[in-house]
Structures are given as structure tokens and as C-alpha cells.
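The values are calculated or read from the model by the stated rules, or taken from the named source; none is laboratory data. Not measured: the values here are computed from a predicted model. FYI the Cβ positions are ideal-geometry reconstructions off the backbone, even for glycines, and counts take in every protein chain you see. These area figures cover heavy atoms from the full protein model, side chains too; ligands, DNA and RNA do not enter into them. Shrake-Rupley method; radii C 1.70, N 1.55, O 1.52, S 1.80 Å.
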Amino acid sequence: MSKEQVKQIFQPNPEFAKNASIKSMDEYNTLQNKAIENYEGFWGDYAKEKLDWIEPFTNTVDESNFPFVKWFEGGKLNVSHQCIDRHLDTRKNKAAIIFEGDRGDKQVITYLDLYYNVNKFANLLKEDFGVKKGDRVVIYMPMIPEAAYAMLACARIGAIHSIVFGGFSAEALKDRIEDAEAKVVITADGAYRKTKPYMLKPVVDNALKGKTPVEKVLVIERNNEEVAWVEGRDYSYNELIKNKSGKCEAELMDSEDPLFLLYTSGSTGKPKGVQHNSAGYILWAQMTMEWVFDVKENDTYWCTADVGWITGHTYIVYGPLAMGATTVMFEGVITFPDAGRPWQMVQEHRINQFYTAPTAIRVLHKMGEEEPKKYDLSSLKVLGTVGEPIDPPAWKWYYEEVGSSKCSIVDTYWQTETGGHVVSPLPGATPIKPGCATFPLPGIMAEILDPETGIKSEVGEKGYMCITKPWPAMIRGVWGDEERFVKSYFGDVKKDGKAVYFTGDGAVYDKDGYITITGRTDDVINVSGHRMGTAEVEAAIKKHPNVAEVAVVGKPHPLKGEGIFAYVVLKSDDGVADEVEEVKAINKIIKKEIGNIALCDDMLFAPGLPKTRSGKIMRRILRSIAKGEEITQDISTLEDPSIVAKIADMVKS
Ligand code: PRX
């Protein structure tokens, strides 16, 4: 694709725009101006209109203790009521969840089914496990409907769930359980991948070895493989659920009562427990579903994420259900049995909105360029992408071959901490450009700022992606660490002398004011759309007894977006006896400490690392070397400048 094509603008499909929830840029501008002129009025009106309050709120926003902000104080509601009960009058027989299993098994769960399943689950947690409001419950689950029931059951009784992605190792699970001080873990024996059973319960068993805050483990029997059982700790969901009542009163929750924690990587230290609270989060989850995906009453919507990540929370479970939509949940692998699987599913379920990650688009493109042509994809209206910048060739294939040049692509920019989309096209309004997240959503005061001056960046000048006013779905805290919350997000950029939220991403405006996200400015790597802290990977590698020093950086990867490149300095100076064995040993430790998702793509046994005289590792130089770039930075002040050429030569050879 030439540079000219990259700059091309694609107008929204006029037929689609006619019925879209936001129909034009004029409408967008009116909404955004309303928010600018009367921020409280804007949000207060939507909160009244969209949420089913059990008791009304009295104050829209309290910023007096910024960045500890409170939204919709005085209000009482329950998120599971918002997602289920309030739909029963009009949608009880509508599909809430359409489940497709790895082996092609299917299940349709209506809103009434969902109501009973969640109520029973909530009663189980309360009666059999003694779970109370405010208790933390860790969910370590495959992509099966019970994962959604578990989340909503926690919400119903006011317990705070913390989902740990099923690909994380026992050590990573243990860390998160301990940090959250969870008293219950909900898991499954396992599930299916590429038609074969795989296991989760043994990972939980390992994570709970030794001292643990966990008292009870609930096991959903999905693949019925044999698992070890600890009497008095482990219980079968399939047995206990049988005699539970289908009615459980929803706990009355304050707007600011916590809904969930989700651990995510930062540039330093261990993962942070990002806390989201009830009213603000669910309001924005629902509104963005309506605005960005434009889901209509009879639509079927599919997001391919895993519930272990924020995308799965907001855009598989909470957002779609809050608006009363039909959401598809998929247990399998999108390239199995071949790269036509998602298109076959779109055809079969008549999917209208499809939401996935650039890494998946690249893989589907590479493995099955012609596959979309084999299926009837005419139901598609909106295509979404999330998790990392999307490269123009992948964008173009998605637009032309999957969307037949008639669907808008919504390149949604957001993070675990933002709760929902913050910068994104609106499918009926925004003329789109490949690779551009375009404009802040109405109500979101997102700006690219110069980190030094806090002034809005000029066109073409890279700056920091910031949000200058609190928004309802904003992170409320880092679990158990107020100081880290303030330092991580409000320490870097000031606008008019006041700290603002900094996302950690760089971004740039083009001449039309479009925002393009350029990637992280910190030591966070984005591997296949998954956030990985270099510090975490380094800490794992350092557990190898022969490792003296290590530095991990990201390196562009054709499919994953970024891959992990580790520079390892060994203790013994006799060099590496057997490189292949050493790499294997280190990767084994990474797998144990974090999981397969953090395995290194490249590992170099280096004679040393480029450091300043004060001992700081110059990662910028290591990033350039990994990319094969010429080193243009001044290296004369390094402790040992010659190391740069030595390492660069090793990488080249
Ligand atoms: O770097 C940005 C990138 O993903 C990071 C957030 O990761 P996480 O909290 O795991 O949430 C992923 C799903 C929301 C961001 O800091 N990112 C997310 N969406 C985009 C993106 N980068 C570019 N374009 C996007 N659309």
C-alpha cells in the first residue's frame, strides 16, 4: 500500500449512518461541545437516562480529592440488575449469550436463563461459601458461559471479582490471589482447545500450595477430566448448583462500591490491581456499546477477546448485557480448524458487529487471505479493533475483504484503566483513516500534550496521550496502594499546573486533528495486544541461578506486533556452554513464573549491557539494536561505550 493510500479517508456508509446512534460529525461536535460547556450536566443526564437506579444519586461528580474522584454519590444500584433484571420485562426470551464451544457445540442462553443461572450462582457463593459484600473472589476460567455467570453472581452479592487470564501460570495466579487476599477461587477442571482437553484446576492447586488466603475452590466441570481434590476446600459447581434457588436479592450497592479488580502490567514492579467501581464503569460500558458498536435490538455482536482481559470484561460481558444485547462467547481458537473459522461463525450466527485485535487480523490475513470470500459476511455492519496500533495492510484487508468496503472500522483506543473506549471512530459519523483512532469520544477530554509544557501538541509532533478531566469509568485505585495509583498515572504530565491522567502512550495529531497512537512511552511491551511489563519478565529471568543481569525490550514482530527480546548477561564468564539449553532453561522459568505469553522471541547472551555511569541500563539503545537500527544516540557517556558495538555485531550476525 502506498503512502498516499494510507492517508486515504473512508466515509461512513450513508445507509448505515441513517440509523446510527450518532449520525454525523455535526452530531458528534454538538455532543462534545455540550460536555465541554456543562460537564456535570452531560454526565448527570446520561447517568439518569441509562442506568436503572434503585435510589437516585445526589451529586454527579466530586473532584475535591483528585485523583480520588467520586461519581454519582448517593446513588444505589446493582450492576447485575442493570445487566439482567431490568431486561426481563421486554427481553426475557431474547438470547443474552450465544456460546460456541471449541468443538462446535452451541448453547443459547436467554435473559431469563441468565437470570436463573446468575441467581443460583450467587446463592451458592453466599450460602455454601459465605461470600459477603466486599470479599474478593478470583476467577480463573476458560471461555465458557459460567465465567460470565461467576462475574455477574459476584456483582449481584457485592463481592469484588478479580479474573486472572487462564494463560497465566500458577506463580502469577498466586501473586494475584495474595495481593487481592481472595478467599474464594472459581475455576474449571479445564476446557477444550483444538478439540483436545486442557487443564486449569492443577494450576490452581499449585497456586494454593503453602500459606494462602483462599478457603474454598469452586470447580466447574467442563471437560470431566480427572483432577486432584482437596476435601473441605474443593467443591463441584455442578453438584452444588443443583439445589440452589433461582432467586437471590441483588445487594444494594453504592455507586462507588468496587465492582472488580483486574491486574495489569506497569513499567515497574509487580502487576497492579486496577480497581473499577460500580456506577461509572457500567454507565460507560453501556454507552460505548451503543455509540461505538451501534448495536441494535436484533443484532448479534461478537468480541473475540478472553474474559481474562479488560476487553472481555467490558465488551463481552458488562457492556453488551447492560444494553440488553446478544453477545457471542467463543471457547475455541479462531484459526482452528482453519482460518475460516471466524467467518464461518459470522455466517452461521449472522453476526453484525465483530471486534478483535490487530494481531488476530494479521494472523487471519496471513493464514487465510481468501477465506472471507468463501462465506456470506453480508450481516456485518461494524468491525472493531483494539489492543495495539493496526498497520495499514491489515486494516485494508479487514476493510475490503472482511467488511466488503461497506463497514466502518472502529479502531478503539483504550486501556484496562480507562474501563471503556476513550478515543475511537463512531461508525455512522467519523470518516476513518487506516491506523487512526481518530477523535475522543463525547464526554472524554483526551488530548495529546507536550510532556514538558503540558501544552497541546502541534500537528505532527509526538506527545503524550492524556485525559485532562476525570471520566466515570476511570480507574479508582490500585488495590492496596494509593501511592502507586497517584504516581503511576498522575505524576508525569501537568496541564495548567494541574496533574492530569497520563495513559503511558505516545500519540500524534495529523493536519485534520486525527489522533494516531504511536505506542507505549514506558517499559511496557505489547505482545499480541497483551500488556507485558519488562520488569516482570526480567524478574523471572533473574531467577535463573546463572543470570547476572538482564534487560528486556520490545522488538517489532510481524504477527504479534511486538515480541520480547532479552539481553542476558551470565554469571560465569566462560561463555555459554550450550546456548540452546540455556535458552530452554530460561524460558522454562518464564513459563513457570508468568506463563507462555511471556516467552522470549529472541535471547542474546551479551558480554555486558550499555549503562550510564550511575548504573542505569540504556534500554533505548537496546531497543534500537534489537530493531537493527544504526545507533545515533550519544554513547560517549556510557560506562563502557564499546559494549554497544559488540552487542550490535552479535545481533547482526
Ligand atoms: O498501548 C495501548 C494499547 O494497549 C494498551 C492497553 O492495554 P490493556 O490495558 O491491556 O488493554 C487492552 C485493551 C483495551 C494501551 O496503553 N492499545 C489499546 N488499544 C489501542 C492501543 N494502541 C493503539 N491503538 C489502539 N486502538
Exercise for the section: Just flag the trypsin sites (Lys or Arg not before Pro) in the stretch 144-228 sitting in loop per DSSP whose Cβ has no more than 12 other Cβ atoms within 10 Å. Expected result: 194, 209, 211
Exercise for the section: Please work out how much accessible surface residue 620 shows to a 1.4 Å probe, ignoring ligands, DNA and RNA, in Å² rounded to 10. Expected result: 130
Exercise for the section: Out of all DSSP beta bridges with both ends in the stretch 524-652, state the antiparallel percent to the nearest 5. Expected result: 80
Practice task
Kindly report the accessible area of the chain per residue (heavy atoms of protein chains, probe 1.4 Å, no ligands, DNA or RNA), in Å².
Solution key: 39
Handout entry: Over the stretch 94-182, volume per residue of the alpha carbon convex hull, in Å³
Key = 93
Fill in the blank from the handout: Where a ≥ b ≥ c are root eigenvalues of the Cα gyration tensor, a/c under 1.5 meaning rounded, otherwise prolate if a/b exceeds b/c and oblate otherwise, the chain counts as rounded
Handout entry: log10 of Debye I(q)/I(0), alpha-carbon scatterers only, for the stretch 236-313 at 0.13, 0.17, 0.19 Å⁻¹
Key = -0.70, -1.04, -1.12
Exercise for the section: Might you work out the accessible area of residue 349 for me, using a 1.4 Å probe with all protein chains in place, and round it to the nearest 10 Å²? Expected result: 30
Completion exercise
In whole percent, the fraction of accessible protein surface over the chain that belongs to carbon or sulfur atoms, probe radius 1.4 Å, stands at 49
Exercise for the section: Nearest 5 is fine: what % of DSSP beta bridges in the stretch 197-308 come out antiparallel, could you say? Expected result: 65
Fill in the blank from the handout: DSSP beta bridges in the chain: the antiparallel percent, rounded to 5, is 60
Handout entry: For the stretch 251-295 versus the stretch 140-157, the gap between their alpha-carbon centres in whole angstrom
Key = 15
Exercise for the section: On a C-alpha basis, how far is the centre of the stretch 413-466 from the centre of the stretch 636-651 in Å? Whole number, if you could? Expected result: 38
Exercise for the section: Can you bin the stretch 440-593 into rounded, prolate or oblate? Criterion: square roots of the alpha carbon gyration tensor eigenvalues sorted a ≥ b ≥ c, rounded for a/c under 1.5, prolate for a/b above b/c, oblate for the rest. Expected result: prolate
Practice task
Just the number, please: Stokes-Einstein D of the stretch 524-652 in µm²/s, Kirkwood Rh from C-alpha pairs, 25 °C, 0.890 mPa s.
Solution key: 164
Exercise for the section: Please compute the net charge surrounding residue 189, taking Lys and Arg as +1 and Asp and Glu as -1 over other residues with Cβ under 12 Å from its Cβ. Expected result: -4
Handout entry: Reciprocal mean inverse distance between Cα atoms of the stretch 446-520 - Kirkwood radius, Å
Key = 12.8
Problem - Between the stretch 231-245 and the stretch 305-349, the alpha-carbon center distance in angstrom - result: 28
Practice task
With label points built 7 Å along Cα→Cβ from the Cα atoms of residue 461 and residue 103, find their separation and express it in nm.
Solution key: 6.1
Practice task
Given a cut-off of 19 Å, name the pairs among 120/174; 366/396; 588/646; 174/487; 366/560 whose C-alpha atoms lie farther apart than that in the structure shown.
Solution key: 120/174; 588/646; 174/487
Practice task
Quick one, can you get me the convex hull of the C-alpha atoms of the stretch 378-478 expressed as volume per residue in Å³?
Solution key: 126
Fill in the blank from the handout: Helix-only [θ] at 222 nm, the chain, -39500 (n - 2.57) per DSSP H run of 4+, per residue, nearest 500, equals -8000 deg cm²/dmol
Handout entry: Heavy atoms of residue 414: accessible area, 1.4 Å probe, square angstrom to 10
Key = 20
Fill in the blank from the handout: As straight-line cross-link partners of residue 48, the qualifying lysines (C-alpha separation under 22 Å, not fewer than 8 residues apart within one chain) are 34, 70, 76, 296, 469
Fill in the blank from the handout: For the stretch 446-515, listing trypsin sites (Lys or Arg not before Pro) in a DSSP loop whose Cβ sees at most 12 other Cβ atoms within 10 Å gives 511
Exercise for the section: Indicate the gyration tensor shape class of the stretch 201-271 (rounded, prolate or oblate), computed on the Cα atoms with a ≥ b ≥ c the square roots of the eigenvalues: a/c under 1.5 is rounded; otherwise a/b larger than b/c is prolate and the rest oblate. Expected result: oblate
